[in-house]
Amino acid sequence: MASVRSESTSTRSSSLSPRSLMGGMEPRRLRRLILERSFAARVGHIGSALSVADILVALYGEVLRVADPEAPDRDRFVLSKGHAALALYGALFLRGWLTSEELNSYCADGTLLGVHPEHHLRGVDFSTGSLGHGLPIGAGAALAARLDGSERRVFVLVSDAECNEGALWEAAQFAAHHRLSRLTVIVDANGQQALGYTRDVLDLEPLADRWRAFRWEVREVDGHDVRALTRTLQEAPGEGGAPRAVIARTVFGKGVSFMESRIKWHYWPMSDEEFVQALREVDPA
Ligand SMILES: Cc1ncc(C[n+]2csc(CCOP(=O)(O)OP(=O)(O)O)c2C)c(N)n1
């Protein structure tokens, strides 16, 4: 299978160019990019990135008001589960904010595209990777928007393991107290966390009731249904001023049969044979 490896090294351009993809923010394209780049870099976190692919398609395809990534009043997005950075890079590429050269530098020496996202990269507002800190950052950003008299909204994508962490719940209380209704947290509820299943490590259910108890408005949605996600994330803030939690029920490794709900695919990179099969499954064309 040497030919597979040589065609897929980090120097090989992505098979997609942003120009050909105007309006092409499609889940299968994003999944293909995730597989190509993680294979080329021999890096894991593949299942984590596939889990949030549809959420990022909804956000960057429709929901986020970020036509100009430098505009002060653009919406803000915090990828709190920073280890899924490759999904974010893919979405930024499909949006036309990253070149294929930049995308292809993923995890190479000297790149700005590391395993976790850094705010030095165009389109990334906040550096993340230390789990549990995205919601505190997002709550501060939402309060700052109010103080600025800005209409901008803040979306924070957290993992279910982050809901184990105290800092997240402190921020949840803060946001409810200050009625930060332009703040939305999306929980990527895939039921896995690194080396275990959430129900075994520290059970979070009933997750929706927990958020309600913290005085958040709650929605539950199929995290792989881009239309339902888009509709839910575009809902106007409720009357009461509560921030909103969207619990997105997802499947870790979604789209690749041998990765779905398997612990191995948190850290493991793909073999040549696995890469070929995975690509065939996510993007048969
Ligand atoms: C504060 C902190 N502790 C530990 C880690 C190491 N780590 C990386 S991913 C991960 C857990 C992954 O589970 P989850 O966050 O639920 O992500 P998903 O399964 O959705 O990928 C851990 C513990 C970290 N990034 N930050």
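What the table below lists for this structure:
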read-out	value
Residue within the range 22-34 that is in contact with a helix residue (DSSP H, G or I) (Cβ under 6 Å, 6 or more places away or on another chain), at pLDDT below 95, surrounded by fewer than 16 Cβ atoms within 10 Å (Cβ to Cβ) and not hydroxyl-bearing (Ser, Thr, Tyr) present	no
Count of residues meeting criterion [part of a loop (DSSP other than H, G, I, E, B) and within 13 Å of the chain's Cα centre (by Cα)] in the range 65-83	2
Subset of the range 172-195 [open to solvent by 10 Å² or more (accessible area, probe 1.4 Å) and either more than 19 Å from the chain's Cα centre (by Cα) or more than 16 Å from the ligand (Cβ to nearest atom) (or both)]	173, 174, 177, 178, 179, 181, 182, 184, 195
Yes/no for residue 162 being of a type outside the set (Ser, Thr, Tyr), closer than 16 Å to residue 210 by Cα, surrounded by fewer than 20 Cβ atoms within 10 Å (Cβ to Cβ) and modelled with pLDDT of 95 or more	no
Helices (runs of 4 or more DSSP H) (entirely within the range 172-245) containing at least 2 residues that are over 20 Å from residue 48 (Cα atoms) and modelled with pLDDT of 95 or more	207-213, 226-234
Where a residue in the range 120-136 is farther than 18 Å from residue 153 by Cα and its partner, wherever it lies, is among the polar types (S, T, N, Q) and more than 11 Å from the ligand (Cβ to nearest atom), with Cβ under 9 Å and at least six apart	120/127
Complete set of residues in the range 45-63 that are open to solvent by 10 Å² or more (accessible area, probe 1.4 Å) and in a loop (DSSP other than H, G, I, E, B)	45
Selection status of residue 131, crowded, with 20+ Cβ neighbours inside 10 Å, part of a loop (DSSP other than H, G, I, E, B), modelled with pLDDT of 95 or more and away from the ligand (no atom under 16 Å from the Cβ)	no
Residue match in the range 93-112 (condition: within 16 Å of the ligand (Cβ to nearest atom), of a type in the set (Asp, Glu) and either within 18 Å of the chain's Cα centre (by Cα) or not in a loop (DSSP other than H, G, I, E, B) (or both))	no
The range 134-159, residues that are open to solvent by 20 Å² or more (accessible area, probe 1.4 Å) and either within 16 Å of the ligand (Cβ to nearest atom) or of a type in the set (S, T, N, Q) (or both)	136, 137
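The values are calculated or read from the model by the stated rules, or taken from the named source; none is laboratory data. The shown structure was predicted, so the numbers you read here are calculated from the model rather than taken from an experiment. Here Cβ is always computed from backbone atoms with ideal geometry, including for glycine, and neighbour counts include all displayed protein chains. These area figures cover heavy atoms from the full protein model, side chains too; ligands, DNA and RNA do not enter into them. Shrake-Rupley method; radii C 1.70, N 1.55, O 1.52, S 1.80 Å.
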